[in-house]
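Asks: Have a look at the structure that comes next, please.
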Amino acid sequence: MEAYLGLFFSAFLAATLVPAYSEILFAAMLNAGYDPLLLLVWASAGNTLGSALNWLLGRYLLHFQDRKWFPFKTDNLGAAQRWFNKWGVWSLLLAWMPIGGDALTFIAGMMRVRFWLFFLLTGIGKTARYAILLGAMDLIMPL
């Protein structure tokens, strides 16, 4: 059980603004014989909840954007908001992307996307990513 919790926290961190990669642990655990379905569930749950933290930060910490520690520059926020307005809420299906995915979930909070819709779309995208990884690993190293 501890290994699955470790994967959960690794996936959670990977979805936040902290640089981390849960795919390595996911693949290693799959290769070590852990249950693929449980890996999918724990990794997807952790990654989706980590994105929810970004949504909360975007929703409630925007008034600190003039502080040095704020993770995004004002110019970048404006460009990201324009991009989000152009592509809309469906872009959250791409929140799994290694570049820009974390910022996308933060922007969704700033743009006040309804949490249930955010959580649903982000969860679908995150689960699909781990399912694709699971399938790719099965092609590379059949169980």
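The values are calculated or read from the model by the stated rules, or taken from the named source; none is laboratory data. Computed from a predicted structure; not experimentally measured. Here Cβ is always computed from backbone atoms with ideal geometry, including for glycine, and neighbour counts include all displayed protein chains.
Asks: Which residues, counting only those in segment 27-58, are touching a residue at least 24 places away in the same chain (Cβ under 8 Å), over 17 Å from residue 123 (Cα atoms) and among the hydrophobic types (A, V, I, L, M, F, W, C)?
Replies: Hits for segment 27-58 are 27, 29, 30, 57.
Asks: Can you find a residue that is among the aromatic types (Phe, Trp, Tyr), farther than 16 Å from residue 103 by Cα and assigned to a loop (DSSP other than H, G, I, E, B) anywhere in segment 40-58? It would help to see each step written out before you state the result.
Replies: To start, the set of residues in segment 40-58 that are among the aromatic types (Phe, Trp, Tyr) comprises 42, 55.
Subsequent filtering for residues that are farther than 16 Å from residue 103 by Cα retains 42.
Still in the list and also assigned to a loop (DSSP other than H, G, I, E, B): none.
Among the residues of segment 40-58, not one is among the aromatic types (Phe, Trp, Tyr), farther than 16 Å from residue 103 by Cα and assigned to a loop (DSSP other than H, G, I, E, B), which makes the answer no.
Asks: Do the conditions hold for residue 105, that is, is it within 30 Å of residue 140 (Cα to Cα), β-branched (Val, Ile, Thr), touching a residue at least 40 places away in the same chain (Cβ under 8 Å) and in contact with a helix residue (DSSP H, G or I) (Cβ under 9 Å, 6 or more places away or on another chain)?
Replies: Numbers: within 30 Å of residue 140 (Cα to Cα): no; β-branched (Val, Ile, Thr): yes; touching a residue at least 40 places away in the same chain (Cβ under 8 Å): yes; in contact with a helix residue (DSSP H, G or I) (Cβ under 9 Å, 6 or more places away or on another chain): yes.
Criteria not met by residue 105.
Asks: Look at residue 82 and say whether it is without any contact (Cβ under 8 Å) to a residue 60 or more places away in the chain and farther than 19 Å from residue 18 by Cβ.
Replies: Values: without any contact (Cβ under 8 Å) to a residue 60 or more places away in the chain: yes; farther than 19 Å from residue 18 by Cβ: yes.
Here the answer is yes, as residue 82 does meet what is asked.
Asks: Would you mind stating whether residue 119 is more than 12 Å from the chain's Cα centre (by Cα), modelled with pLDDT of 90 or more and under 14 Å from residue 50 (Cα atoms)?
Replies: Numbers: more than 12 Å from the chain's Cα centre (by Cα): no; modelled with pLDDT of 90 or more: yes; under 14 Å from residue 50 (Cα atoms): yes.
Answer is no for this residue.
Asks: Can you confirm whether segment 7-23 contains a residue that is without any contact (Cβ under 8 Å) to a residue 60 or more places away in the chain, crowded, with 19+ Cβ neighbours inside 10 Å, over 22 Å from residue 130 (Cα atoms) and among the aliphatic types (A, V, I, L, M)?
Replies: no
Asks: Shifting gears a bit: Restricting attention to segment 90-102, report how many residues are among the aromatic types (Phe, Trp, Tyr) and surrounded by 15 or more Cβ atoms within 10 Å (Cβ to Cβ).
Replies: Going through segment 90-102 one residue at a time, the tally reaches 1.
Asks: When you go through 60, 21, 34 one by one, which is the residue that is at pLDDT 95 or above and touching a helix residue (DSSP H, G or I) at 6+ places or on another chain (Cβ under 8 Å)? Before you say what the answer is, go through the steps one by one.
Replies: Details: 60 fails: at pLDDT 95 or above; 21 fails: at pLDDT 95 or above.
When all the criteria are applied, what remains is 34.
Asks: Going by what's in this entry, would residue 37 be described as assigned to a helix (DSSP H, G or I) and surrounded by 15 or more Cβ atoms within 10 Å (Cβ to Cβ)?
Replies: No, not satisfied.
Asks: Also, quick follow-up: Pick from segment 103-123 the residues that are farther than 15 Å from residue 79 by Cα and not hydrophobic (A, V, I, L, M, F, W, C): which of them is surrounded by the most Cβ atoms within 10 Å (Cβ to Cβ)?
Replies: 122
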